[in-house]
Structures are given as structure tokens and as C-alpha cells.
Protein chains: 4
Amino acid sequence: MANSMEDARARRIAEYLHSTEGVTKTFGLVMEGAGLGWAKCSMVVKESMTNGHKVCHGGVLFSLADNAFAWACNSRNVIAFAQSASISFIAPAKIGEKVTAHAQEEANEGRTGIYTVKITAEDGRTIAVFQGLSRTAGGKVVAE
Amino acid sequence: MANSMEDARARRIAEYLHSTEGVTKTFGLVMEGAGLGWAKCSMVVKESMTNGHKVCHGGVLFSLADNAFAWACNSRNVIAFAQSASISFIAPAKIGEKVTAHAQEEANEGRTGIYTVKITAEDGRTIAVFQGLSRTAGGKVVAE
Amino acid sequence: MANSMEDARARRIAEYLHSTEGVTKTFGLVMEGAGLGWAKCSMVVKESMTNGHKVCHGGVLFSLADNAFAWACNSRNVIAFAQSASISFIAPAKIGEKVTAHAQEEANEGRTGIYTVKITAEDGRTIAVFQGLSRTAGGKVVAE
Amino acid sequence: MANSMEDARARRIAEYLHSTEGVTKTFGLVMEGAGLGWAKCSMVVKESMTNGHKVCHGGVLFSLADNAFAWACNSRNVIAFAQSASISFIAPAKIGEKVTAHAQEEANEGRTGIYTVKITAEDGRTIAVFQGLSRTAGGKVVAE
């Protein structure tokens with residue numbers, strides 16, 4: 001299968017997952033692009049996503065990263081789940097800011113995959129860096 | 001200061017943070033209890049919190065844990081922020097299930113604190129385990 | 001099987017693993033106790049374990065925690081491996097100090113286990129807190 | 001300061017740290033290269049580095065990654081320490097294999113830095129992926 005076909009399928013997978021995720025509306029997630037082993041997801045920080053310090057809640061940033069991770073780790077059309085993840089926070093994201101999570105595959109071996117997801121703001125600030133471990137469960141995400 | 005006074009203040013801090021957090025309504029978070037170095041936060045999983053597999057999104061579970069962690073790491077009335085966190089997922093949480101995050105201080109030294117947060121369902125299943133690293137920024141959370 | 005029998009077997013497993021681990025001599029690891037879902041492992045910090053700041057290297061502390069984790073996650077006599085782990089460092093461990101890692105099971109479901117390991121010094125200081133995710137591979141550790 | 005001068009200083013810092021680390025001999029660590037925000041460190045897996053399954057101990061792999069991370073996060077000549085780190089293991093490293101850790105800066109803001117470290121074997125297999133959070137303490141690593 002040509003690379004462009006794999007990328008097209010990965011994009012179709014991200015679109016499919018995006019359409020079925022209950023959090024899509026909750027966080028206003030936008031699918032910014034996807035291909036084999038990678039995906040980009042963005043959102044605009046809203047009041048409903050803040051913590052007690054009135055900046056974006058760490059859990060909402062994690063959700064954004066986790067979503068890009070999910071699209072990327074399912075991009076080979078084998079259903080995969082997050083097993084564990086870690087995140088380091090480096091700068092706050094303010095209300096009104098658009099933040100984008102870019103997930104990139106680091107390794108993929110047997111049933112295990114490792115992904116780095118970087119969240120950046122429009123001015124180029126890195127907001128957080130996430131690392132996720134996925135495990136495939138078998139079954140296809142979309143029909144081929 | 002007696003322990004009961006510290007616990008009462010910790011409870012007041014959790015109530016204050018809870019009242020100012022933008023995610024309170026988004027996730028329907030309930031403050032289930034708080035004291036010096038610990039806090040409990042619950043929510044009921046709703047359709048708006050699901051991933052593409054129609055179980056609770058990992059980011060929403062992380063948010064629940066992160067919120068209990070925030071209350072616990074601010075419980076000494078010194079403003080503190082999450083620096084990094086990791087989470088391991090062990091069982092899915094279904095729509096309609098009530099899940100509770102229990103944050104407990106493991107260590108607290110200088111400006112750094114480490115907390116374990118366990119998320120459990122009502123039937124006793126462990127859903128996820130979270131570990132957070134906090135750093136104090138100075139300043140009080142509530143007036144004394 | 002009575003609890004005391006399970007604990008005795010867990011102790012036998014830790015002793016067996018301890019006897020086969022190549023790092024036992026490298027770090028001077030001591031098995032301080034083990035039972036179902038828990039284990040304790042100690043070492044004395046030596047010059048050969050230091051980083052450039054002449055305190056115990058973070059990787060050596062991780063090794064100590066990882067070793068207690070390995071004994072604990074194999075304690076049910078099903079061969080298990082570490083899949084991922086995270087560690088937060090809170091205080092340095094000095095040359096000559098005895099440090100002990102205490103691994104405790106947080107959750108155990110299907111093939112997945114989650115463990116918290118706390119490293120403490122003899123004066124009670126917490127040195128680091130570790131969280132590990134294990135996965136069973138099948139097969140027994142010791143004959144029954 | 002030109003980029004090449006910063007890279008030369010980073011290399012001098014890695015060489016200095018390498019010469020003072022107590023674990024250098026313990027693990028047979030080799031400095032394979034360093035520049036501003038990155039470093040490479042290798043070792044050959046020996047019997048003294050194995051776990052009970054006779055493959056490289058997870059803690060020793062973590063140590064290798066942590067060492068490359070230390071060189072990279074000190075590469076701006078401001079003393080920095082690891083605060084937290086996470087690692088995901090994807091394939092075992094066997095006795096006799098040379099494994100190399102490549103640390104790369106993901107973000108650097110104020111006193112905080114985030115680094116990804118990938119450990120690979122000579123045949124190209126990814127062995128583990130590590131993410132570290134550093135914090136500067138002030139003071140220079142080497143004289144300028």
C-alpha cells in the first residue's frame with residue numbers, strides 16, 4: 001500500500017473517531033490533520049475549561065493531547081487503547097488562546113506503541129509535552 | 001494549629017477552588033471531602049465525556065484525578081501548581097457510572113509535593129492510578 | 001490458599017529473582033521483605049552510583065524502585081514485565097546513606113498491575129516516589 | 001554567541017559531567033556527542049546490568065536515558081536537576097548489545113525544561129522512550 005493511501009486511511013480514521021467522540025463538542029476539538037503515525041488536534045481555551053487559577057485546566061490540556069494520541073495510535077487501523085501517559089506542563093494556556101496538540105509516533109513494536117505529543121500555542125510557546133503508551137486490542141477502526 | 005483546624009482550612013480551600021474552577025460544571029465535579037494532604041472528588045460519566053469507544057475519555061479521567069490532586073496540593077494554603085503527572089489506566093468507566101478520585105500526599109519537601117490519586121468506581125473496580133508532582137508558587141489560596 | 005501461604009510464596013519468588021538478577025551485586029541490593037503484592041528492597045549509596053553532583057544518580061534510584069516493583073508484580077507467581085514507569089525526585093540521597101524502596105500494589109486487573117514505590121532514607125526523608133505499570137506474560141516464576 | 005560556540009560549550013559540559021559521574025565506570029557509559037539541547041550516550045549491556053529475565057534491567061536503561069538527559073538539560077551551562085521522568089519499555093536489550101540514548105530538548109521555558117530520550121539498539125530497534133522534566137538550580141556547570 002502506497003504511503004499516500006496509508007495517510008488517507010489514517011485521515012479517515014481520525015475523522016471517524018472525531019465524529020464519534022463525546023468530548024468533541026465539550027472541548028470544541030478540531031481535527032487539524034492526520035497521517036500514518038501522527039495527528040493534530042486543536043481547541044480554543046474557554047471559561048468552561050479553566051482551573052481555579054483561571055487558566056486552562058491541566059486535565060483539559062491532557063485531554064487534547066490524549067485525543068491526538070488516540071488518532072495517531074489508531075492510525076494503522078488496528079483498534080488501540082491508551083495504557084499509560086505522562087505530561088509535563090511548561091506554560092499556562094489562557095482563555096481565548098488556540099492550542100494545538102501534535103502527536104508523533106516514536107516507536108511501534110508488536111502490540112505496543114509510544115507517542116510524543118507536544119501542545120503549542122499560536123505564538124509558538126510550548127504549553128505541555130505528553131508521552132503516551134498504547135496497546136492494540138485487535139479489530140479494525142474503519143472498514144477497508 | 002490543631003489537626004482539626006488544618007483539616008477545616010483544607011476543606012475551605014477545596015470548597016473555594018471548587019467554586020472558582022471552570023470545569024466544575026463541565027464535568028459535574030462534586031467535592032466529596034478534603035483535609036490536610038488529601039481530597040476526594042467525584043463525577044458521573046456522561047455521553048459528553050466519552051471517547052470514540054463510548055467509555056469515559058482518558059483525559060476526562062485525568063481531569064478528575066488532577067482536580068483532586070489540585071485540592072490536596074493546595075491544602076496547606078500555599079498556592080501550588082501541577083508540574084508533571086502520569087496516569088495508568090486499568091479498567092474503562094462506563095456512561096452512568098459514578099467515579100471517585102482520592103488524592104493522598106506521598107511526600108512534601110520544600111516547594112515540591114508528590115501525590116497518588118486513585119480513581120475507583122462504585123463497585124470497587126480501580127479505574128486508573130495517577131501520580132502528580134506539584135510545586136508551590138507562594139501566596140495564600142484563602143485568607144486566614 | 002491461605003494468605004500466609006501466598007505471602008510465603010511471594011517471599012520465595014523475591015528470593016529467586018534476587019538470586020538471578022545481574023544488578024544484585026552491582027548495586028548491593030538487599031531483599032528486606034516481600035509478600036503478596038508488596039516487596040522491600042534496600043541498598044547503600046556508593047561512589048559508583050553517583051551522578052555529576054556526587055549524589056545518588058536518578059537512574060540508580062529508579063533501579064532500586066524498579067527492582068522492588070519487579071518483586072511485587074511477580075508476587076502472584078505469574079511472570080510479569082514492566083511496561084512503563086514514572087518517578088518524581090524529591091530529595092537527594094547521599095553517599096553512605098541506606099535507602100529503601102517499598103513497593104505496594106495499587107490495582108491488579110486482568111494482565112495489568114499498578115504499583116506505587118516509595119524510596120525513603122533512614123532518617124525518614126522521602127527520596128523519590130515511583131509508579132509502575134506491569135503486564136503479565138504467562139508462565140510461572142517458581143515451581144509450585 | 002554563535003551556534004557552534006554554544007555547541008562546543010555543550011560538548012565541554014557533557015565531557016565534564018561524564019568525567020565526574022560515579023556511574024560512568026559502573027555502566028561503561030560513552031559520550032557519543034552533545035550540543036545545545038541534545039546529547040548522546042551509549043553503553044554495552046553486560047551481565048552485571050541484567051534483571052531476573054537476563055535482559056537489561058529497566059533501571060539500567062533508565063540510567064542510560066537519564067544520563068543523556070542530564071547532559072542535555074545542563075547544556076546551556078546552568079546547573080539543572082531532574083525533577084521527574086517517565087519511561088516506556090518497548091523491546092528488551094540483550095547482553096552484548098550496544099544501546100544508545102539520544103536526548104533532545106522539546107521545550108525550555110524559565111527554569112523548566114522538557115526532554116525526550118529515545119534508546120535504540122544497533123539494529124535500529126527502539127528499546128525505550130523516556131521523557132524528563134528538569135529544573136535549573138542556578139550556578140554554572142563549567143567556567144567560561
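Once you sort the root eigenvalues of the Cα gyration tensor of the protein assembly as shown as a ≥ b ≥ c, which label holds: rounded (a/c under 1.5), prolate (a/b larger than b/c) or oblate (the other case)? Here the protein assembly as shown falls in the rounded category.
Which of the three applies to the stretch A:84-134, rounded, prolate or oblate, going by the alpha-carbon gyration tensor with a ≥ b ≥ c and a/c under 1.5 meaning rounded?
Working: a/c = 3.43, a/b = 2.53, b/c = 1.36.
Prolate.
Taking the Cα centre of chain A as the origin, how large is its charge dipole in debye, to the nearest 20, when only Lys and Arg (+1) and Asp and Glu (-1) carry charge on their Cβ atoms?
In total the dipole reaches around 200 debye.
The percentage of C-alpha pairs in the stretch A:23-96 whose separation is greater than 13 Å is 67%.
Just add up the charged neighbours of C:Val99: K/R +1, D/E -1, any other residue whose Cβ is under 14 Å from the Cβ of C:Val99. Walk me through the numbers before you get to the answer.
Numbers: positive: C:Lys40, C:Lys46, C:Lys94, C:Lys98, C:Lys118, C:Arg125; negative: C:Glu32, C:Asp66, C:Glu97, C:Glu122, C:Asp123.
Once positives and negatives cancel, what remains is +1.
Modelled spin labels at D:Tyr16 and D:Asn3, positioned 7 Å past Cα toward Cβ, are 2.4 nm from each other.
Across the stretch A:1-126, the relative contact order, built from alpha-carbon pairs under 8 Å that are at least six residues apart, equals 26 percent.
The share of alpha-carbon pairs in the stretch B:3-136 lying farther apart than 25 Å comes to 20%. Distance from the C-alpha centroid of the stretch D:51-96 to that of the stretch B:1-47: 37 Å, rounded to the whole angstrom. Each copy carries a label point for A:Lys140 at 7 Å from Cα along the beta-carbon vector; from one copy to the others these points are 4.3, 6.3, 6.4 nm apart, nearest first.
In a DSSP loop and with at most 16 other Cβ atoms within 10 Å, the trypsin sites (Lys or Arg not before Pro) in the stretch D:27-82 are D:Lys46, D:Lys54. For the pairs C:Lys54/D:Lys40; A:Lys46/B:Lys94; B:Lys118/D:Lys46, flag any whose C-alpha to C-alpha distance is greater than 30 Å. Table pairs above 30 Å Cα-Cα are B:Lys118/D:Lys46. Here is how far apart the C:Glu122 label points are across copies: 4.4, 5.2, 6.0 nm, shortest first, using a point 7 Å from Cα toward Cβ. Only Lys, Arg, Asp and Glu carry charge here, each on its Cβ (+1 for the first two, -1 for the last two); on that basis the protein assembly as shown has a dipole of about 0 debye about its Cα centre.
For the segment A:126-137, counting C-beta atoms of other chains within 10 Å of every residue's C-beta and taking the mean gives 5. Between copies, A:Val78 shows label-point distances of 2.2, 4.3, 4.8 nm, shortest first, with the point placed 7 angstrom from Cα along Cα to C-beta.
Run the helix sum for the protein assembly as shown: -39,500 (n - 2.57) per DSSP H stretch of 4+ residues, divided by residue count, reported at 222 nm to the nearest 500 deg cm²/dmol.
Computed ellipticity for the protein assembly as shown at 222 nm equals -8500 deg cm²/dmol.
Only the coordinates and a few stated rules stand behind these numbers; no lab work does. What you see is a predicted model, and the numbers here were worked out from it, not measured in a lab. Ideal geometry is used to build each Cβ from the backbone, glycine not excepted, and the neighbour counts take in all protein chains shown.
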